[in-house]
Each structure stands twice: as C-alpha cells, then as structure tokens.
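These notes concern the structure reproduced below.
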C-alpha cells in the first residue's frame, strides 16, 4: 500500500515525497480512508506509530478540497478556522504544527500553534491574520476563547490527541468546557494510547454514535523493539553510574528521565560538574529555554537532555540512541512511553534503567505490563548491591557488564531488524 493508493491528492503527495515517505504505517493505512469518508474515528495506538500523520493528512486534504479549486479565489479567501487539534503539552503541540506545515506545504493551508507559558501577543497576532487549523493546549485555548480572540463556532474537524495523558494531567474539566464551545455538526477524532474506562466514557461524549475504530497492536511492541537493561543500584551511586555510562559512549545522544523537576536540575548540575554537556527540560523552564534545549539536543550541540515525563511528551528526535531511566516511573505505562522515544521506525535503540530498593515494586509492575523480564546488568563497579539492600528475587536474565557494549552487538542487531522489518521507510509520528 502506498499513499497514492490511499487517494491522497497531489499537493500533499508532493510534500510526503519530499520527506521521503512512500508507505503509510498501519494506523495511517486504516485511519485515512475512514477520515476521508467523513466518519468520526476512535483510535488507539502507542507512541511512534505515526498517528500525527494519520489525522493531519486527511484534515489537510478535506479542507483543501472543500475550498475553491481556483487558485486566485483561494488567494483572495480570508482564512477561517476550520480545524481544532487539542493536545496536552507545548512540545507535542509544536511537533504537530511542524508536521502540518510539512504535509501542507503545497496546499496554502495555514496552521497556528498556541500554548501557555509565553506571552500571548505573537499568538493572538497570528490568529488575527487568519488560520485554517489551530493546534492548542487546553489552558491557553480557553483563555483566548474567554478574551474573544477565538471562536469555535465554525469548526468542522476536532481532534483530541493523547487523551490518556490529558486525564493524567488533570485536563478533563478543561476538555469538557472546550467541547461545549464546538458545533454539534463536526467530524471528531479521538486518539489515546490506552483505553481505560474513563477514556471510553470521554470518547462517548466527543464522538458520534457510530465512529470508525482503529486499534493498532504492533507486530513487535515498543518494549520488545528496544534493547533494555536494568541496573540494581543504590540512590547515592546513581550519579556515578550515569557519569560512567556517559563517558563510556560519549557519542550517543541520550535522553535521561527524572521523576521530578528539581531532580532533573540536580542531574544536569552533576553532569556539568563532570564535564558533560547537558540541559534540562521541564515545566518550570520558560518556553524559550525549553525550545532552545530541545533544539540544541536535536542538532547534536547538546548530547544529553534531562526531562520529566510531561515535558518529554512530544519529543521526537530521529536517531535517538539511548534512553536512561534515572528514576523508574511509578506508572508502568509511563515506562513504555519513555523508552518509545528511542527505537522508532526501523532504528535501533537502547533503554537503561536504574533501580534502587524502593523502586523494585515499580520494576515488577513494568515487567508485568510488558510481559517480559528486563535483563539485569551485574558486576559493574558502581553497583554496591549488598549495601543497597537490593535482592534480585524476580525472574530476571543476567547480563554481564562486558556484554553491554553496543558496538559489539550493533551489526547483528541491525541485521536481525532488517530481516524482520525490511527497509521500507515510513512516515513517523
């Protein structure tokens, strides 16, 4: 199946070809025909499956086809807000906006991204100039609606993205308020990585009576695709171990997860003291600082980015080699989201986790969720396991430290992945 076979129009096909995308991912292949037909959609898919393109492409195409085909008429037309995409974090909103710009490059369709944490002037000016598609976080969207800068009365397409994260972050009441501003007659799209009862209930309030449904279970899920290991280590030795791992493979771009904002800042300070260039990204940072940190990380100017879970949502860095869980998450699904930042598409990736005695229950929950035992690295000089009081009593696969060298296994790992997945390039999320 190709994008052309999905009857994607030429202006969008051209942009996809420029990006090197030829074959749709499973969620794109199943979702795009449903959305082009005008039906509502309930989608369930893990991160990295390509759902941003799954909803962006048909929305762009429908808006394009529903406006005048005459070029001069299109140029004279004052843009009107036709589509609203609501997402939980600034980073994810910016990423979606960038994707819309890429896919709609030859359509003349404008998009605007709004979010809190920055002055609203530039955003309100963009809205006043006119936009077709608005990507927004809930708080800033409601603020600008109340100020009279935004009217949702003419919305034809509504997308609620990352619904499970919306609930985790306490946005449920804001989402319900936004729904009340929308016209009853609209096409609605609802995407979530999980379908807990609360999520299903929320989807029923957004979608029509007979929505199309797409649920993607990858042939190999994120946890299976990524080369995972866990280090049993006491808290006071985590910093030494992290520095050692950075010095072992300084060329690897590494995303380090901290459970708290304060902890992220402490990790960055510790790494810089050891001569390792690192930056933090979390909710207490200004938007400018967050974007600079992410830009430096993507460009390779900074090799280590330390993030909290909320700030990392939406980080999409091609070729990210390694994720390190400095603190294990207390929600097992969060672990899957974290390690999903690496090993995307057909790329190889590594996820390392540090586990102290208090985090052992978290590890057990994670292993139950992913239905596999994460190999344990033993015999490392920075792991005083006896002092840490950690008993390895779960069913685990021991992995000697000398076998952790990525270079020694890279060729066989890459060969196995190529045999299993092939070399076709797909568009990413």
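The values are calculated or read from the model by the stated rules, or taken from the named source; none is laboratory data. All values reported here derive from a predicted model rather than from experimental measurement. In this analysis, Cβ positions are derived from the backbone assuming ideal geometry, glycine residues included, and neighbour counts consider all displayed protein chains.
Give 192, 229, 203 a once-over and let me know the one that is in contact with a helix residue (DSSP H, G or I) (Cβ under 6 Å, 6 or more places away or on another chain) and surrounded by 14 or more Cβ atoms within 10 Å (Cβ to Cβ). Exactly one of 192, 229, 203 is in contact with a helix residue (DSSP H, G or I) (Cβ under 6 Å, 6 or more places away or on another chain) and surrounded by 14 or more Cβ atoms within 10 Å (Cβ to Cβ), namely 192.
For the range 174-199, which residues satisfy the criterion of being closer than 19 Å to residue 51 by Cβ, out of contact with any strand residue (DSSP E or B) (no Cβ under 6 Å at 6 or more places or on another chain) and part of a helix (DSSP H, G or I)? 175 - this is the single residue of the range 174-199 that is closer than 19 Å to residue 51 by Cβ, out of contact with any strand residue (DSSP E or B) (no Cβ under 6 Å at 6 or more places or on another chain) and part of a helix (DSSP H, G or I).
Looking at residue 276, is it more than 14 Å from residue 309 (Cβ to Cβ) and assigned to a helix (DSSP H, G or I)? Give the derivation first.
Working: more than 14 Å from residue 309 (Cβ to Cβ): yes; assigned to a helix (DSSP H, G or I): no.
No: the conditions fail for residue 276.
Candidates are the residues of the range 281-313 that are over 20 Å from residue 90 (Cα atoms) and surrounded by 15 or more Cβ atoms within 10 Å (Cβ to Cβ); the one that is modelled with the highest pLDDT is 304. Would you check if there is a residue in the range 348-364 being at pLDDT below 80, more than 30 Å from residue 86 (Cα to Cα) and outside any helix (DSSP H, G or I)? Scanning the range 348-364, I find at least one residue that is at pLDDT below 80, more than 30 Å from residue 86 (Cα to Cα) and outside any helix (DSSP H, G or I), so the answer is yes. When residues in the range 3-37 are screened for being assigned to a loop (DSSP other than H, G, I, E, B) and touching a strand residue (DSSP E or B) at 6+ places or on another chain (Cβ under 6 Å), 1 of them pass.
Residues checked against (1) more than 13 Å from residue 84 (Cα to Cα); (2) surrounded by 18 or more Cβ atoms within 10 Å (Cβ to Cβ):
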| site | (1), (2) |
| --- | --- |
| 149 | yes, no |
| 160 | no, yes |
| 172 | yes, no |
| 183 | no, no |
| 199 | yes, yes |
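Residue count for the range 130-163 under the criterion of being touching a residue at least 40 places away in the same chain (Cβ under 8 Å) and either not in a loop (DSSP other than H, G, I, E, B) or not assigned by TED's automatic domain parsing to the domain that holds residue 99 (or both): the result is 11. Against the definition (surrounded by 18 or more Cβ atoms within 10 Å (Cβ to Cβ) and more than 22 Å from residue 374 (Cβ to Cβ)), how does residue 242 come out, yes or no? Considered against the rule, which asks whether it is surrounded by 18 or more Cβ atoms within 10 Å (Cβ to Cβ) and more than 22 Å from residue 374 (Cβ to Cβ), residue 242 comes out as no. Kindly establish whether residue 214 is touching a strand residue (DSSP E or B) at 6+ places or on another chain (Cβ under 8 Å), more than 21 Å from residue 330 (Cα to Cα), in a strand (DSSP E or B) and modelled with pLDDT of 85 or more. For residue 214, the condition - touching a strand residue (DSSP E or B) at 6+ places or on another chain (Cβ under 8 Å), more than 21 Å from residue 330 (Cα to Cα), in a strand (DSSP E or B) and modelled with pLDDT of 85 or more - is met. Here residue 237 meets each of (1) assigned by TED's automatic domain parsing to the domain that holds residue 368; (2) under 21 Å from the mean Cα position of the chain (by Cα) with one exception, condition (2). Within the range 259-280, is even one residue modelled with pLDDT of 85 or more, within 24 Å of residue 96 (Cα to Cα) and surrounded by 15 or more Cβ atoms within 10 Å (Cβ to Cβ)? Checked against the condition, which is being modelled with pLDDT of 85 or more, within 24 Å of residue 96 (Cα to Cα) and surrounded by 15 or more Cβ atoms within 10 Å (Cβ to Cβ), the range 259-280 yields at least one hit.
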